[in-house]
Amino acid sequence: MILASCHQVDEDDEDHHAVDEAHNCSQPNAHSLRGLPLENITFHVVELASGRITHRSRFRRDFIQLVHHSGVYLYKDLFAVLSIQNQAVHVFQLRVRSKIQRASLSLPLTR
């Protein structure tokens with residue numbers, strides 16, 4: 001099972017200008033939307049049999065539409081996340097032992 005947790009980022013947050021190396025994201029690019037309520041979002045992979053968290057994937061200072069699953073997609077063993085703030089699609093593959101692994105490079109959205 002994949003669960004999401006998030007909390008809104010304050011402008012005073014010391015992590016305000018941090019780079020998320022795991023997802024290759026930094027400051028919003030020129031095509032990102034301004035004025036979005038940025039959040040720190042974590043996707044947790046939970047093993048149903050034991051109830052323990054087996055993997056986490058974090059997106060810092062990002063905007064991912066979680067309402068009605070609009071920004072996350074699951075098809076068979078592929079899990080995709082649409083980052084509106086960074087204008088990218090991150091694709092992960094669910095692996096044995098309840099881990100997720102990047103299935104491809106993050107794809108920037110182009111016009």
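So which residues in region 71-93 are of a type outside the set (D, E, K, R), touching a residue at least 12 places away in the same chain (Cβ under 8 Å), surrounded by fewer than 18 Cβ atoms within 10 Å (Cβ to Cβ) and farther than 20 Å from VAL9 by Cβ? Selection gives LEU74, LEU78, ALA80, VAL89, VAL91, GLN93. Taking the criterion of being within 14 Å of the chain's Cα centre (by Cα) and over 14 Å from PRO37 (Cβ atoms), the residues of region 61-77 that qualify are HIS69, SER70, VAL72, TYR73, LEU74. Selection of region 37-96 for residues being among the basic types (Lys, Arg) and either farther than 16 Å from HIS7 by Cβ or in contact with a Ser or Thr (Cβ under 7 Å, 6 or more places away or on another chain) (or both) yields ARG52, ARG56, ARG58, LYS76, ARG95. Could you tell me whether any residue of region 89-99 is at positive phi, modelled with pLDDT under 70 and not hydrophobic (A, V, I, L, M, F, W, C)? For region 89-99, residues at positive phi, modelled with pLDDT under 70 and not hydrophobic (A, V, I, L, M, F, W, C): present.
The values are calculated or read from the model by the stated rules, or taken from the named source; none is laboratory data. In this text, all values refer to a predicted model and were calculated from it rather than measured experimentally. Here the Cβ is made from the backbone with ideal geometry for all residues, glycine too, and neighbour counts use every protein chain on show.
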